[in-house]
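A short worksheet on the structure shown next.
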Amino acid sequence: MIVAIDGPSGSGKSSTARAVAEELGGLFVDTGAMYRATSLYLSRLGLERADEVGPEHVRDLDVRLEVSGNDEGDRLRVLLGSEDVSQEIRKEYAGRLASEFAQSDCVRKAMVARQQMMAREVSSCGGTVVMEGRDIGTVVFPQADVKIFMTADDRVRASRRRAELLDQGQDVPLQSILDDMRARDARDRSRLQAPLVKAVDAIGLDTTGLDFEEQVGRIVKIVTERQSQMQRGTN
Ligand code: DC
């Protein structure tokens, strides 16, 4: 079963999708992390803009998501070759780079192919995949079994992001996060390739007034209802 969760940054997608996957015993795929790591790789090659990226730049790209479990739960590691870039890609500059390079057709094709392969490996043997991003329900898996589109008020999203950054030891002013988020949203929504848009058959979930457990609970309920429908053979 494939669960696609899309939405703008700060809508709570990542942490929610991870918790949903954990509750359902499924694989969590954070596609934003893949775009971030790829963009770090491209910037290290000396590239600055999406229109500079050609097939030769993504040919040797080796981005992997690795899940390692311990007593505190699953931990997602993002690898560029053998280098663990899990922390580096969470920095603000890496988010900006990702939003720039995500406009490249070459980058998107490389990411979509990897994401489809990862999910098919798991879902073809009966597993559940919870994949989150911007284009999962529209481009990567237009036939996903469940599609959720998460949104939240801008200021709420910026405050959540600020709290996350503080947790990681980065003290960034709220206004700067808000400005950056709006610029990134505008770029994600207006780009030609796979813009951020709600799939017509996605279920909208506005998380402005919801706490984390409520967000997770609502999605788990939607997924389990869909699972029972599928088992009964109804649509
Ligand atoms: O979700 P995030 O903030 O980690 O994503 C970083 C950037 O990557 C975001 O600005 C847009 C891009 N992205 C994308 O274009 N498509 C995806 N499926 C995931 C992320």
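The values are calculated or read from the model by the stated rules, or taken from the named source; none is laboratory data. Keep in mind that what you see is a predicted model, and the values were worked out from it rather than measured. Cβ: placed from backbone, ideal geometry, glycine included. Neighbour counts: every protein chain shown. These accessible areas exclude ligands, DNA and RNA; they are computed on the full protein's heavy atoms, side chains included. Shrake-Rupley method; radii C 1.70, N 1.55, O 1.52, S 1.80 Å.
Say we look at the range 99-129 and pick out the residues that are among the polar types (S, T, N, Q) and in contact with a strand residue (DSSP E or B) (Cβ under 8 Å, 6 or more places away or on another chain); which of these is most open to solvent (accessible area, probe 1.4 Å)?
Restricting attention to the range 99-129, the residues satisfying the condition of being among the polar types (S, T, N, Q) are 99, 103-104, 115-116, 123-124, 128.
Next, only the ones that are in contact with a strand residue (DSSP E or B) (Cβ under 8 Å, 6 or more places away or on another chain) stay: 115, 123, 128.
Numbers: 115: 0, 123: 32, 128: 17 Å².
For the range 99-129, the residue satisfying everything is 123.
The set of residues from the range 23-45 being open to solvent by 30 Å² or more (accessible area, probe 1.4 Å), under 17 Å from residue 227 (Cα atoms) and in contact with a helix residue (DSSP H, G or I) (Cβ under 9 Å, 6 or more places away or on another chain) comprises 23, 24, 27. Scanning the range 196-206 for residues that are more than 9 Å from the ligand (Cβ to nearest atom) and outside any strand (DSSP E or B) yields a count of 6.
Scanning the range 161-175 for residues that are in a helix (DSSP H, G or I) and open to solvent by 60 Å² or more (accessible area, probe 1.4 Å) returns 162, 164, 166, 167, 174, 175.
Just one of (1) part of a helix (DSSP H, G or I); (2) more than 14 Å from the ligand (Cβ to nearest atom) fails for residue 210. It is (1). The C-beta contact set for the range 145-167 (first residue of a type in the set (D, E, K, R), second residue surrounded by fewer than 19 Cβ atoms within 10 Å (Cβ to Cβ) and assigned to a helix (DSSP H, G or I), distance under 7 angstrom, 6+ apart or interchain) comprises 145/226; 145/230; 154/178; 154/182; 155/178; 162/174. Residues in the range 111-149 that are modelled with pLDDT of 95 or more and among the acidic types (Asp, Glu) were compared, and the one that is nearest to residue 194 (Cα to Cα) is 135.
Picking from 153, 145, which residue would you name as being away from the ligand (no atom under 15 Å from the Cβ), farther than 24 Å from residue 191 by Cβ and not polar (S, T, N, Q)?
Only one candidate passes the filter, namely 145.
Taken together, 132, 56, 48 contain a single residue that is acidic (Asp, Glu), more than 14 Å from the ligand (Cβ to nearest atom) and either part of a helix (DSSP H, G or I) or surrounded by 22 or more Cβ atoms within 10 Å (Cβ to Cβ) (or both), which is 56. Taking the range 116-131 as the range and being farther than 21 Å from residue 149 by Cβ and of a type outside the set (A, V, I, L, M) as the test, the residues that pass are 120, 121, 124, 125, 126, 127.
Of the residues making up the range 142-194, those that are more than 30 Å from residue 226 (Cβ to Cβ) and polar (S, T, N, Q) are 159, 168, 170, 175, 176, 190.
Residues in the range 20-45 that are aliphatic (A, V, I, L, M), out of contact with any strand residue (DSSP E or B) (no Cβ under 9 Å at 6 or more places or on another chain) and more than 16 Å from the ligand (Cβ to nearest atom): 45 alone.
In the range 75-93, what count of residues is obtained for those that are assigned to a helix (DSSP H, G or I) and more than 25 Å from residue 22 (Cβ to Cβ)? Before the answer, list the steps.
So in the range 75-93, the residues assigned to a helix (DSSP H, G or I) come out as 88-90, 92-93.
Checking which are more than 25 Å from residue 22 (Cβ to Cβ) leaves us with 92-93.
Adding up the residues that qualify gives 2.
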